[in-house]
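Engineer: Structure in structure tokens, see below.
The values are calculated or read from the model by the stated rules, or taken from the named source; none is laboratory data. Quantities reported herein were computed from a predicted structural model and do not represent experimental measurements. Here the Cβ is made from the backbone with ideal geometry for all residues, glycine too, and neighbour counts use every protein chain on show.
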């Protein structure tokens, strides 16, 4: 089927053809024949790089031409940004307004009502539903990318609730895109959709296992055998063919060590080396003060190699990803998270670790679906006609086991994780707070429409947990059950009673739901609404689920006992109590934040606490959000002095400064390092800068920054004068 046959306007056909699309491939044809353009619900299950994104594009183009509105759900913020940039560049040419919403979780973003295609993370969509965004009722198409995320314990329940709510609140066509999974028909039946299933892949993927045999590595790539002496020869072979490769390992430390050992300098041309020097410099200076990790990564990048994991800051990850896409970086060693979502294909994929360590179960095989996702990165559309994905086994027996499991085996079926109590508690409060369910029977009816109910054919397990959760929410004063806010603990009406029991959120309960907090976290915060020391507030903060996981407190961390005494911490569990280890982990995490606020640098935090900058900033973002939520709740409960404490702590954690610098860091362009430099030179407030000669500022900050700071101060003073005039 040719693009011209789709009966789109010429301007749309031209956009598609300019992207190299003249004819639909097999899964795309199947989707069109199944009613994609007639508004039918579809679940498309096909391999990576099989053209699923174009199926989504055809659907939202059709809705755009009919003045419809599309919500495009993705599991990761990075993937949302990637899709936004891609679609915006392509489709603004035909007048399509493309919007992106992945940030602030406390708003309805009414401006999104002006957009035709809205790309959102699953969590952001959940937040928009909680804020009753008015424009949602006008949505005509919901695209769910990576719907197999339903199987993920941390992210799956949110996606399941979001899809259930969107089906309830809109009359949308549903298009779900999935990797090849064993029970994709279950998802299709749940969504009342047709299943489009295909094993087509435009780039032939050869999958195999490499193993040592009589001093040779034999790779059986599904009837294409190659012999290479060592793993390093696989790498050299990739370079001789002028190709790129991804190497997957199980841990961050392994990713860094593997990248450091790769020496491919002899394969790089002078032009490559010049580009790598510039890229290396950008990576090293991604932070205001480079850390050991920054310098290590920059040094490695000069050799055409990079490591990639969650410990890197976002700017460094993007620089590496872009460098790999444009061919500057030849190899990336990465943890498995790189395999999900982002479009980073390579000619060859090497999987060094097929097992990973779990603190509960020890070393276990990585699920088949994850390995297949890694393998799916091999083969670059528009560049290659084939790709190779090779698991590196340690022995022939090991190779046979790997082949049986990962080459010949099928991906595991996915199962709903909605029955987890923490997920149920959070989403139950949101359903009541938004009046999506106004009674117990309505609550039960809602959950009967979830994927969990479809898979298990009843919700008895969920119903029992809901009873407990409703009582818990009532005890927290977040909801009212029936006519009264409080009901005796001896009487909790069951779902099977003839009389339906009304459910209402209290004012504070509604705000907790809007703030996207776990109700237990919110309750713990509210119980701390009294004057305390900063360390005590930090301990409460790190009791919140939003900050998990905590840093692991090790036996070698002998400084913790000393710090406990120094901070006067009381009510510590006995060393033989189960809670002792949890407390020490929470205290270590709190101490890390405390030292960050005392202006310790990223390097010191990394050395002392083992937390890399990327992970540090992720925790800072989470802490900032929870502290903002705490201040909002405190204001609602008329405890403004406590709200001020949380706001002060939030600004200190966000900027990593002592309290004396808070006024200075509010100036645009002034961070913790420059603020401290100004303070040491007697410049302690923005008004002080007004009276400082520009020459003095230039010596401290440099000419460009000094000018910017002066202008920012002048603009700020003018704004204050305007406000005063209008009062």
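Engineer: Output the residue which, of all residues in the stretch 35-55 that are over 23 Å from the mean Cα position of the chain (by Cα) and assigned to a helix (DSSP H, G or I), is surrounded by the fewest Cβ atoms within 10 Å (Cβ to Cβ).
Structural biologist: Looking at the filtered set, the residue picked out is 38.
Engineer: If you don't mind, another one. Scan 254, 282 and give me the residue that is part of a helix (DSSP H, G or I) and buried (at least 18 other Cβ atoms within 10 Å of the Cβ). Please lay out each step first, then the result.
Structural biologist: Working: 282 fails: buried (at least 18 other Cβ atoms within 10 Å of the Cβ).
Every option except 254 fails the conditions.
Engineer: Being surrounded by fewer than 20 Cβ atoms within 10 Å (Cβ to Cβ) and at negative phi is the filter; apply it to the stretch 61-76 and report the residue that is modelled with the lowest pLDDT.
Structural biologist: The residue in question is 76.
Engineer: With the requirement that a residue be over 18 Å from residue 536 (Cβ atoms) and part of a helix (DSSP H, G or I), what does the stretch 652-670 give you?
Structural biologist: If the condition is that a residue be over 18 Å from residue 536 (Cβ atoms) and part of a helix (DSSP H, G or I), then 654, 655, 660, 661, 664, 665, 666 are the ones that fit.
Engineer: Do you know which residues across the stretch 166-197 are in contact with a strand residue (DSSP E or B) (Cβ under 8 Å, 6 or more places away or on another chain), in a loop (DSSP other than H, G, I, E, B) and more than 21 Å from residue 436 (Cβ to Cβ)?
Structural biologist: 179, 180, 181, 193
Engineer: Only one residue in 105, 79, 58, 128 is without any contact (Cβ under 8 Å) to a residue 40 or more places away in the chain and either crowded, with 18+ Cβ neighbours inside 10 Å or not in a helix (DSSP H, G or I) (or both). Which one?
Structural biologist: 128
Engineer: In this structure, is residue 304 surrounded by fewer than 16 Cβ atoms within 10 Å (Cβ to Cβ) and closer than 21 Å to residue 261 by Cα?
Structural biologist: No; evaluated as a whole, the condition is false for this residue.
Engineer: Here are 608, 604, 668, 704: which of them is over 24 Å from residue 294 (Cβ atoms), out of contact with any strand residue (DSSP E or B) (no Cβ under 8 Å at 6 or more places or on another chain), outside the structural domain of residue 308 (by TED's automatic domain parsing) and surrounded by fewer than 17 Cβ atoms within 10 Å (Cβ to Cβ)?
Structural biologist: 668
Engineer: Please go through the stretch 546-598 and give me each residue that is part of a loop (DSSP other than H, G, I, E, B) and under 26 Å from the mean Cα position of the chain (by Cα), ordered by number.
Structural biologist: Filtering the stretch 546-598 for residues part of a loop (DSSP other than H, G, I, E, B) gives 548-558, 567-578, 598.
548, 549, 550, 551, 552, 553 - these are the residues of the stretch 546-598 that are part of a loop (DSSP other than H, G, I, E, B) and under 26 Å from the mean Cα position of the chain (by Cα).
Engineer: Output the residue which, of all residues in the stretch 333-364 that are outside any loop (DSSP other than H, G, I, E, B), under 21 Å from the mean Cα position of the chain (by Cα) and modelled with pLDDT of 90 or more, is surrounded by the most Cβ atoms within 10 Å (Cβ to Cβ).
Structural biologist: 333
Engineer: Can you go through 298, 314, 306 and tell me which one is within 21 Å of residue 248 (Cα to Cα) and more than 24 Å from the chain's Cα centre (by Cα)?
Structural biologist: One residue alone meets the criteria, 298.
Engineer: Confirm whether residue 453 is in contact with a helix residue (DSSP H, G or I) (Cβ under 8 Å, 6 or more places away or on another chain) and touching a residue at least 40 places away in the same chain (Cβ under 8 Å).
Structural biologist: Values: in contact with a helix residue (DSSP H, G or I) (Cβ under 8 Å, 6 or more places away or on another chain): yes; touching a residue at least 40 places away in the same chain (Cβ under 8 Å): no.
The answer is no for residue 453.
Engineer: Restricting the stretch 240-251 to residues that are surrounded by fewer than 18 Cβ atoms within 10 Å (Cβ to Cβ) and in contact (Cβ under 8 Å) with a residue 12 or more places away in the chain, which is nearest to residue 381 (Cα to Cα)?
Structural biologist: Going through the qualifying residues, I end up with 241.
Engineer: So which of 91, 84, 72 is in contact (Cβ under 8 Å) with a residue 24 or more places away in the chain and over 25 Å from the mean Cα position of the chain (by Cα)?
Structural biologist: 91 is the lone residue from the list that is in contact (Cβ under 8 Å) with a residue 24 or more places away in the chain and over 25 Å from the mean Cα position of the chain (by Cα).
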